[in-house]
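What follows is a set of notes on a single structure, which appears directly below.
The values are calculated or read from the model by the stated rules, or taken from the named source; none is laboratory data. Please read all numbers here as calculations on a predicted model, not as lab measurements. Neighbour counts are summed over all protein chains in view; Cβ atoms, including those assigned to glycine, are modelled from backbone coordinates with ideal geometry.
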Amino acid sequence: MFCVLTTGLVACTRLRTITGMLIAAGMNLAWRHERVHRFFSRACWSTDHVGLVLARLIVATLVDEDAPLLVAVDDSVNRRSGKKVHGAFWQYDGSATGTTKTSRGTCFVVVGIIVHLPFLPRALCLPVLAACMSSTGRARSPSPPS
């Protein structure tokens, strides 16, 4: 299921919906879209585990053995307002313009691996892990459903 969805995500040229990914992967006639919705709503999987497997795959296939491993980390604040925004709090925002360096919003820490692909003239950062920062200053990773 995951491989089909990943293939559909890469091959999709329009909106990346579940139905669009099934059509792009050529599985829309073989599988009902409810099967894929069930994969997201009821399956027990960890985004951290998927990210670590993806990181190992990227290092094994896209990074030369003698090349240094370059990792990028981003923790920019996504400005959000309102009392019902989950995970939003006042925090330091180094990317804010002006003299006020605090913003209210959510902060996702994203880790990516920088790779050099032969068909691109510049480096590319492939994100592999993400976590939402809490008001205590700790990154909260989504836990698998019980």
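Summary of computed values
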item	result
Among residues of the stretch 75-116, those that are touching a residue at least 40 places away in the same chain (Cβ under 8 Å) and touching a Cys at 6+ places or on another chain (Cβ under 9 Å), counted	8
Qualifying residue in the stretch 93-114 (condition: touching a helix residue (DSSP H, G or I) at 6+ places or on another chain (Cβ under 9 Å), surrounded by 12 or more Cβ atoms within 10 Å (Cβ to Cβ) and not in a helix (DSSP H, G or I))	yes
Tally, over the stretch 1-39, of residues that are within 29 Å of V71 (Cα to Cα) and either exposed (fewer than 13 other Cβ atoms within 10 Å of the Cβ) or in the same structural domain as I113 (by TED's automatic domain parsing) (or both)	4
Subset of the stretch 115-146 that is within 22 Å of H49 (Cβ to Cβ) and assigned to a loop (DSSP other than H, G, I, E, B) - its residue that is modelled with the highest pLDDT	S134
Options A88, A67; residue that is surrounded by 13 or more Cβ atoms within 10 Å (Cβ to Cβ), farther than 26 Å from F2 by Cα and out of contact with any His (no Cβ under 7 Å at 6 or more places or on another chain)	A88
